[in-house]
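**Q** Let me begin by handing over the structure; questions about it come next.
The values are calculated or read from the model by the stated rules, or taken from the named source; none is laboratory data. Keep in mind the model is a prediction, meaning the values are calculated, not measured. Cβ: placed from backbone, ideal geometry, glycine included. Neighbour counts: every protein chain shown. Accessible surface areas use protein heavy atoms only, side chains included; no ligands, DNA or RNA. Shrake-Rupley method; radii C 1.70, N 1.55, O 1.52, S 1.80 Å.
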Amino acid sequence: MTAQEIIIRPIITEKTMAGVQEKKYTFEVAKAATKIDIARAVEELFGVKVSKVNTLHVRGRMRRQGRFEGYTRSWKKAVVTLTAESKTIEFFESMV
């Protein structure tokens with residue numbers, strides 16, 4: 001998989017923006033991606049140094065629309081922590 005296929009989109013919420021000061025960035029990633037794949041993809045796409053990657057699977061939730069119900073899709077989330085001497089990711093800096 002290429003780096004663009006591994007990193008699907010950034011997650012932008014109040015909680016994830018609070019982690020930007022500590023150089024923690026949150027992304028939606030491909031379900032089959034490993035922590036090593038994610039670290040390499042972030043380093044390649046943004047030109048930074050990754051110190052650690054935490055991943056978790058987000059379960060789909062039950063949702064209703066009128067009388068029809070179903071589940072939202074499940075996905076994988078990664079919290080990427082950069083090294084202290086690494087530069088920041090400019091995309092997230094413009095959001096704060």
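**Q** Search region 34-55 for residues being within 10 Å of the chain's Cα centre (by Cα) and assigned to a strand (DSSP E or B), and hand back the single one that is nearest to residue 89 (Cα to Cα).
**A** Looking at the filtered set, the residue picked out is 53.
**Q** Please go through region 1-15 and pick out each residue that is open to solvent by less than 60 Å² (accessible area, probe 1.4 Å) and in contact (Cβ under 8 Å) with a residue 60 or more places away in the chain.
**A** Once the filter is applied, which keeps residues that are open to solvent by less than 60 Å² (accessible area, probe 1.4 Å) and in contact (Cβ under 8 Å) with a residue 60 or more places away in the chain, region 1-15 yields 10, 11.
**Q** What are the residues in region 64-96 that are over 18 Å from the mean Cα position of the chain (by Cα) and β-branched (Val, Ile, Thr), if any?
**A** Listed by number, the list holds a single entry, 72.
**Q** Give the residues of region 49-68 that are hydrophobic (A, V, I, L, M, F, W, C) and closer than 11 Å to residue 80 by Cα, sorted by residue number. Can you show your working first?
**A** If we filter region 49-68 for residues that are hydrophobic (A, V, I, L, M, F, W, C), which is where we start, we get 50, 53, 56, 58, 62, 68.
Hits for region 49-68 are 50, 53.
**Q** Given the criteria within 13 Å of the chain's Cα centre (by Cα), among the charged types (D, E, K, R), under 24 Å from residue 74 (Cα atoms) and in a strand (DSSP E or B), does residue 31 qualify?
**A** Criteria not met by residue 31.
**Q** Something else now. Among the residues of region 17-45, write down those that are in contact (Cβ under 8 Å) with a residue 60 or more places away in the chain and among the β-branched types (Val, Ile, Thr).
**A** Passing the criteria: only 20.
**Q** Looking only at residues in region 67-96 that are over 10 Å from residue 25 (Cα atoms) and touching a helix residue (DSSP H, G or I) at 6+ places or on another chain (Cβ under 7 Å), which one is surrounded by the most Cβ atoms within 10 Å (Cβ to Cβ)?
**A** This residue is 95.
**Q** Here is a list of conditions, (1) hydroxyl-bearing (Ser, Thr, Tyr); (2) at pLDDT 95 or above; (3) farther than 17 Å from residue 7 by Cβ, and residue 94 meets all of them except one; can you say which number that is?
**A** Status for residue 94: all satisfied but (2).
**Q** Looking only at residues that are surrounded by 15 or more Cβ atoms within 10 Å (Cβ to Cβ) and polar (S, T, N, Q) in region 16-28, which one is farthest from the chain's Cα centre (by Cα)?
**A** Among them, the one singled out is 16.
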